[in-house]
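Reading through the structure tokens given below for one structure.
The values are calculated or read from the model by the stated rules, or taken from the named source; none is laboratory data. Remember, it's a predicted structure, so these values are computed and weren't measured experimentally. Don't worry about glycine lacking a Cβ; one is built from the backbone with ideal geometry, like all the others, and counts go over all protein chains shown. In case anyone asks, the SASA skips ligands and DNA or RNA and just uses the protein heavy atoms, side chains included. Shrake-Rupley method; radii C 1.70, N 1.55, O 1.52, S 1.80 Å.
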Amino acid sequence: MTENHQNVYSGFFLECLPDNENGEHLIRVACFKPGTGTKFRKVLELRTDVSCERKFGEIVHFWSLDGELTDKSHIKFKDDQPQLFLRQTAAVDEIVHFIENHQVNIQDIHEFNVLWHSFLGEINCDHFPPSPGRYEFLLIKVYIIVNDVEGDTFEIKLMGGEISKQKKNLDITIDQQIANYPEALKKENDHSSKTENSAWKEIGFFELKKFSDKGLTGGIRVIFRLCDSKGLASLKRRRQAYPAKIIKQRMNGNEFEDDPNYPIDSGCLFEREKKNKIIEEEVVCQLKSDKRKSFEKNFKAGDVFRFESEQNPSNVDFWEKQLQKKMPLYNLTIDDPPESLQVQDILDSKQVDAERLRTFTDKGLPPLNLNAAQHLAVRMAMNENRPLVCIQGPPGTGKSHTLSYLLFRIMRSRQQAVVLTPTREALKNLKEMTEKLLRERQREFQVHEHALMDIKTYHKLIDASDEAKSAIEQIRSIREDAMLGEIAHEEYSESSYRLEKSICSEVGQEILKNVRVVFATIESSFVTEVMKVKSFQPAMCLVDEAAQVMECQTWPAILKMKKLVLAGDPKQLPALVKTKLGRDLKLNQSVMERLMLKKENYSWVMLNNQYRSHEQITEWSNSCFYECHLKSCTKDERNLLDDLNPKPSFDSLYKPMVHIDTSAVKTDPERAFTYEQRVTLVTDGEKEYSYSNVGEATYAMQHYKNLLDMGVQPENIALISPYRGQIDLLGRMIDEHCKTSGNMDCKNTKIGTVDSVQGQEYDIVIFTSVRNNPKKNFGFVSDVRRLNVVVTRAKRHFVLIGSGYMFKHSHVLEVRRLFDTIRGFKQRFHPAVLTGGLPALDFEPRNNFGFNFENFMKNSEDTDMIAWCQEWIRNGQDPLRAQTEDWKLKKRQDELRSQLYRSHNEDS
């Protein structure tokens with residue numbers, strides 16, 4: 001049949017299939033008929049005479065040579081069509097495209113959240129309902145729908161977009177700008193703001209204690225004191241520095257209310273330090289420059305205020321610039337205007353052909369105190385021919401130790417560098433370790449006292465300078481003149497601000513002349529300030545904990561540097577994203593995590609000597625996450641048993657890896673205590689569901705007390721759980737033990753969630769998994785990266801307290817293997833062993849819920865779980881089984897697409 005424009009179709013290419021018996025090439029395409037108004041959308045297998053070299057998700061155009069397009073139709077590609085959309089190549093198993101410079105008219109927006117597109121047809125807009133106007137870009141995603149009866153089809157969804165810059169009102173508020181965020185970012189932002197405001201409401205009111213002018217940087221600061229100590233626990237959970245709205249209060253009867261006579265002010269709150277000690281009930285506020293003059297004039301000591309969440313303008317500006325550059329939400333970076341670079345573009349530009357990588361010879365360097373892998377990592381990072389080096393540091397392999405030596409070598413080579421981290425804790429740790437190494441090596445190499453610089457040190461040095469002290473006296477004199485009415489208050493404010501900026505710039509420039517390594521968090525503007533100094537020309541950007549850095553975070557302009565070193569471990573905790581939509585869109589994906597998919601094109605080295613944990617403790621982690629490449633270097637370390645006094649009567653309970661199997665408890669009433677309980681918590685003023693398990697907490701405390709009785713110090717033990725409900729329960733139990741035993745040192749025992757112990761280590765870790773239910777829903781425990789973190793925090797003794805039945809029947813292979821590993825050590829026990837008993841255990845764990853879950857339902861208050869049990873009894877089978885099969889099919893499809901994408905990358 002001849003080519004006919006009526007038989008022209010388009011589609012999203014999915015995969016190549018084996019050729020048929022006639023030698024024709026078979027392909028699979030998600031087909032549609034563009035520009036006709038029809039709803040034709042089918043996933044079809046098609047025949048073609050030419051070999052296909054298309055990429056997964058690419059839009060293809062073709063004629064049907066058999067008339068109407070059906071399964072197995074013979075087609076001919078129409079290759080003269082222009083590229084209409086920008087395909088996102090970084091999405092391995094997803095079809096993502098950008099529609100650029102698109103006008104959305106009111107007639108295009110149909111009911112039921114449907115957008116009509118002249119080429120694609122109907123687009124589902126549940127995630128991102130657009131408004132009429134011109135868009136810089138629209139982000140669409142294609143979802144394949146499997147239908148065994150009528151044939152597979154697909155749906156196109158709108159995931160985000162950005163209104164054209166020309167249509168924006170530059171005077172709109174931050175809140176109005178946020179309203180234009182893509183849905184994922186908006187929900188993430190709304191969730192954070194709601195949580196912050198609930199927290200401030202729970203914390204309560206603050207009294208203005210005094211104004212402080214002891215420091216020049218940041219101008220005059222306000223010190224607030226918490227009015228009611230009941231809010232102290234919530235105040236401690238706030239971040240170290242955070243923007244806030246400051247709202248004046250007045251009395252209305254016996255209660256405070258917002259005072260409408262004063263405007264809402266803004267500032268940034270910090271912890272209050274005095275003589276290197278944190279004053280927990282006080283905060284210091286650095287006011288915005290345009291708010292200082294009115295605040296000092298309007299308010300006095302004793303005035304009462306409340307705080308609310310304030311959007312950080314720099315974050316809003318970041319997102320605005322990012323999204324105008326037509327790039328996917330999880331694959332962006334910021335650069336100096338007007339140029340903007342995509343993280344993946346930067347990394348791709350640093351790719352080196354795999355064959356060429358093998359020919360590189362790294363310069364020999366003194367090994368100092370490094371092992372072979374650490375030494376190789378430093379040599380690779382110092383090799384100018386390697387533009388991007390990834391250093392994977394599994395738990396206990398000395399990643400920070402290695403990076404400190406790398407920074408030492410950079411300074412030794414008379415070069416400069418920037419160090420970026422996602423958290424202040426990681427920043428402080430690496431800076432202190434580098435300072436320690438410099439002290440140890442000062443005989444062979446000395447640096448200026450200002451060689452290592454972070455923003456806190458920078459401000460302290462400015463404030464301690466003679467110029468700053470003189471400026472402060474001048475500002476005080478000007479303030480007194482304003483108070484006496486000799487000059488206008490506005491003149492005082494302007495004069496003091498000009499003086500502050502002038503001195504900070506002058507003194508700061510002098511300090512930064514001697515800087516060799518700058519330390520900053522990813523979102524800090526400090527790097528930008530330092531880069532203005534001509535003498536600072538960094539040769540390398542080192543990103544530590546890179547596996548926790550979201551691609552959609554602010555990546556400073558420093559990424560333009562020739563050398564980039566990423567250090568971290570994608571097998572541990574990812575970046576924290578609070579909303580499900582954000583996680584579904586992979587906002588928490590790190591650059592390093594995705595680089596693992598094609599690490600053969602980058603200089604990748606894994607540190608493989610493990611110095612922290614006993615060999616038994618690392619066996620599971622090593623086999624599941626690191627392909628058994630880790631070598632244990634702790635064989636000569638003393639076992640916990642060697643240091644216990646008095647010696648236990650049953651020493652197997654104190655071996656390196658132990659499992660207290662709560663599913664072995666089959667007698668009443670004790671077994672009811674081993675079931676999970678859903679609890680309602682008020683966290684930062686916001687109600688949320690969590691879980692606790694009284695039986696597991698009781699067993700954890702019994703083991704804890706046994707250890708204390710045998711001489712273990714409380715600070716060497718950590719009690720960890722994935723659920724806040726269990727953490728609160730354990731905290732109350734520890735408080736009670738402190739009172740009854742009189743041992744207040746127990747306050748030094750770490751009690752926290754898995755996320756709170758990332759990067760930490762303890763001699764002993766007692767982990768209570770909490771979940772024990774008929775549905776076999778393991779919740780957070782199924783997140784194997786979290787499980788990897790918690791197990792590898794232990795140096796000498798790891799105790800798993802939880803249902804063996806839940807572990808053995810988990811849907812996650814790594815979770816089942818943890819159970820099998822400990823069972824293989826023959827260190828799985830009945831909880832009665834904690835109090836001197838030694839009942840026998842079945843080799844295969846069984847649930848302890850009773851016949852038809854009767855005992856569980858009788859003792860549970862979880863209505864959802866009870867309803868599930870009742871449905872199971874009625875149907876005689878698991879009501880989730882059909883859904884599970886669908887999930888397995890989808891997972892297999894995703895795996896095949898991922899394999900296809902990687903094979904195409906290798907071919908290209």
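Can you pick out the pairs among 214/534; 277/635; 236/288 whose Cα atoms lie more than 28 Å from each other? If you can, show how the numbers build up before the last one.
Numbers: 214/534 30 Å; 277/635 40 Å; 236/288 24 Å.
Over 28 Å apart, Cα to Cα: 214/534; 277/635.
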### Query
If you plug each phi of segment 520-535 into the Karplus form 6.51 cos²θ - 1.76 cosθ + 1.60 with θ = phi - 60°, what whole-Hz ³J(HN,Hα) values come out, in order, with x for Gly and Pro?
7, 6, 3, 8, 6, 8, 4, 4, 4, 5, 5, 5, 6, 7, 4, 6
### Query
Quick one: Cα centre-to-centre distance for segment 90-123 and segment 472-543, in angstrom?
48 Å
### Task
For residue 603, enumerate residues with amide H under 5 Å from its amide H, sequence gap 5+ or separate chain, H modeled in the peptide plane.
388, 390
### Task
Could you pull the Cα extents of segment 8-163 along its three principal axes, largest to smallest, in whole Å?
51, 31, 27
### Task
Give the accessible area for residue 606 in Å² (nearest 10); use a 1.4 Å probe, count only protein heavy atoms, and leave out ligands, DNA and RNA.
40 Å²
### Query
What are the residues whose amide H is under 5 Å from the amide H of residue 58, where those residues sit 5 or more places off or on another chain and H is modelled from the backbone?
13
### Message
So, for segment 456-513, what is the accessible surface per residue at a probe of 1.4 Å, expressed in square angstrom?
### Response
59 Å²
### Whole-angstrom gap from segment 390-409 to segment 827-845, using each part's C-alpha centre
41 Å
### Global form of segment 594-691, assessed from the alpha-carbon gyration tensor, a/c cut-off 1.5
oblate
### Nonlocal amide H pairs with residue 679, under 5 Å, H built at 1.01 Å
690, 691, 692
#### Entry: Which of 508, 488, 474, positive extreme of dipole for segment 456-513 (C-beta unit charges)
508
#### Entry: Solvent accessible area, Å² - residue 851, 1.4 Å probe, full protein context
150 Å²
### Residue-normalised accessible area of segment 633-875, given per residue in Å² at a 1.4 Å probe
44 Å²
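Could the peptides 258-270, 534-546, 738-750 be put in order, highest first, of the mean number of other beta-carbon atoms found within 10 Å of their residues?
Details: 258-270: 16.2, 534-546: 20.3, 738-750: 13.3.
Packing proxy ranking, top to bottom: 534-546, 258-270, 738-750.
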### Query
Which distance in Å, rounded to a whole number, links the C-alpha centroids of segment 707-725 and segment 202-229?
36 Å
### Task
Compute the Cα gyration tensor for segment 714-756, then decide on rounded, prolate or oblate, letting a ≥ b ≥ c be the square roots of its eigenvalues: rounded whenever a/c is under 1.5, prolate when a/b is larger than b/c in the other cases, and oblate in all that remain.
oblate
### Query
Charges only on Cβ, +1 for Lys and Arg, -1 for Asp and Glu: so what's the dipole of segment 456-513 about the Cα centre, in debye to the nearest 20?
400 debye
### Karplus-derived 3J(HN,Hα), 6.51/-1.76/1.60, for each residue of segment 99-110, Hz, glycine and proline x
9, 8, 6, 10, 8, 9, 8, 4, 6, 7, 8, 9
### Summary
Calc'd 3J(HN,Hα), segment 415-421, phi into Karplus 6.51 cos²θ - 1.76 cosθ + 1.60 (θ = phi - 60°), Hz, glycine/Pro = x, comes to 10, 10, 8, 10, 10, 10, 9
